[in-house]
Amino acid sequence: MSDLFKNIDARTRLAGTNKLEILLFTLGPDPRTGRRETFGINVFKVREVMRRPNITAAPEMPSSVEGMVSLRGALVPVVDLARYVGMGVETPRDIMIVTEYNGHTQGFLVEAVDTILRLDWSQMRVPPEMLTANMGGLVTAVTELQGDKLVMMLDVEKVLSETARYDNELLFKDIAPLPDAEGHVVYFADDSSVARKQIQQTLDAMGVRYVAAMNGRQAWDELKKAAAHAEATDRKVSDLVSLVLTDVEMPEMDGYILTKHIKSDRRFAGIPVIMHSSLSGNSNQQLGKSVGVDEYVPKFEPQRLARTLSRLLLEGCVPHAQD
């Protein structure tokens, strides 16, 4: 399994090219369909893959959390993904994928890992509504391989939020309304339903209006509409768009490419872009800056996000008049 993660430097260079690599894995046959589905996770979020270690049961954990393991001196929670998604519960899960994102490390028990697949984000599609409903919003993107094989990208941020039991009230405590908030409009893009909800709650607490998108392509389409409307009404785009907030990993168009589009288009001059990502390592922050990102804020930190939004919005020009 160690051979899966060779050529790390080559993988790092993929960022900013609208390409990604995903680790494919299975959880066992789905009792609802009898099929053995294939799932994927971005390699950037995977620290290592190992045989299932000894797991110590822990009290008062969600039912899908198998327990805790000690990895390099740190206690790490282990989530049984098959139990979490409601499939393959009778199949042995002897492989653990160790993931690291949002500043947390956790293990995911799976039936088997397959290979690492390199592809373009444009090949990843927003999942059909029926699939989204059947999987409880857990799938953020899908792609089809040869032989009609469907690969589903799991919303691992949703898994973390529901197994780590964040104190929702504490997360949004002390976020104050922004002065003249109604005069600002934030455009944001994220493929994770959990992340979108947190962003909406943050902006609602600040009293700021927003336009939401599920990926970079949708956000870019909305931004171009705003630019066209500004031109038709003889206004500046900055009168309609105060700030853009974007995730990194998204189907069809990632956050790096979205930022490149914004920063290379004169119509959006002076509009700040915040990268809001679970990939908060220094290398990812540097890549964001290389394409013109103004600020980088890790996910699951609404108060920090609110402070950054407030500073950039208040440092900007006079609040926009309402349409």
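Find the relative contact order for the range 142-278 and round it to a whole percent, using C-alpha pairs within less than 8 Å whose residues are 6+ positions apart.
On the way: 194 pairs, mean separation 30.4, N = 137.
The normalised contact order for the range 142-278 reaches 22 percent.
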**Message:** Accessible area per residue for the chain in Å², computed with a 1.4 Å probe and the full protein assembly in place, what is it?
**Reply:** 46 Å²
**Item:** Along each principal axis, Cα extent of the chain, largest first, Å
**Value:** 63, 44, 38
**Rounded Å value of the spacing that divides the Cα centres of the range 189-232 and the range 14-79** = 30 Å
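Report in % the part of the accessible area of the range 70-166 that belongs to carbon and sulfur, leaving out ligands and nucleic acids; probe 1.4 Å.
Here it works out to 49 percent.
From largest accessible area down, sort K299, K289; use a 1.4 Å probe on the protein chains.
On the way: K299 5, K289 120 Å².
The most accessible residue leads, giving K289, K299.
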**Estimated translational D of the range 9-141 in µm²/s (Stokes, Kirkwood radius over Cα pairs; 4 °C; 1.567 mPa s)** = 81 µm²/s
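As a test, work out the antiparallel percent of DSSP beta bridges whose residues both lie in the chain, rounded to the nearest 5. Display every interim value, and only then the final one.
Numbers: 39 of 61 bridges.
Close to 65 percent.
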**Complete:** Taking the chain and counting helices only, DSSP H stretches of n ≥ 4 at -39,500 (n - 2.57) each over all residues, the nearest-500 ellipticity at 222 nm comes to -8000 deg cm²/dmol
**Prompt:** How high is the relative contact order of the chain, in percent, counting Cα pairs under 8 Å that sit 6 or more residues apart?
**Reply:** 16 percent
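Note down the net charge around A112, summing +1 for each Lys or Arg and -1 for each Asp or Glu among other residues with Cβ under 10 Å from its Cβ.
Numbers: positive: R36, R93; negative: D94, E111, D114.
It works out to a net charge of -1.
Of all the C-alpha pairs in the range 164-246, what % are more than 14 Å from each other? Mind showing how you got there, number by number?
Working: 2258 of 3403 pairs.
Roughly 66 percent, once rounded to a whole number.
Note down the relative contact order for the range 201-316 as a percent, whole number, built from C-alpha pairs under 8 angstrom at least six residues apart. Working shown, then result.
Values: 139 pairs, mean separation 27.8, N = 116.
Taking the mean separation of contacting Cα pairs over the length of the range 201-316, I get 24 percent.
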**Complete:** Computed over the chain: longest principal axis from alpha-carbon atoms vs helix 302-315 long axis, angle to nearest 10 degrees, is 20 degrees
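Please list the three semi-axes, largest first and in whole Å, of the ellipsoid equivalent to the range 214-273, using sqrt of 5 times the eigenvalues of its alpha carbon gyration tensor. Walk me through the numbers before you get to the answer.
Numbers: eigenvalues 84, 25, 15 Å².
Semi-axis lengths for the range 214-273 are 20, 11, 9 Å.
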**Message:** For a 19 Å ceiling on Cα separation, which of these pairs sit above it: K197/K299; K236/K289; K19/K45; K173/K197?
**Reply:** K236/K289
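The values are calculated or read from the model by the stated rules, or taken from the named source; none is laboratory data. Only a predicted model underlies this, so the values are computations on that prediction, with no experimental measurement involved. Cβ atoms come from the backbone with ideal geometry, glycine included; neighbour counts cover every protein chain shown. Accessible surface is based on the protein model in full, side chains and every heavy atom, while ligands, DNA and RNA are left aside. Shrake-Rupley method; radii C 1.70, N 1.55, O 1.52, S 1.80 Å.
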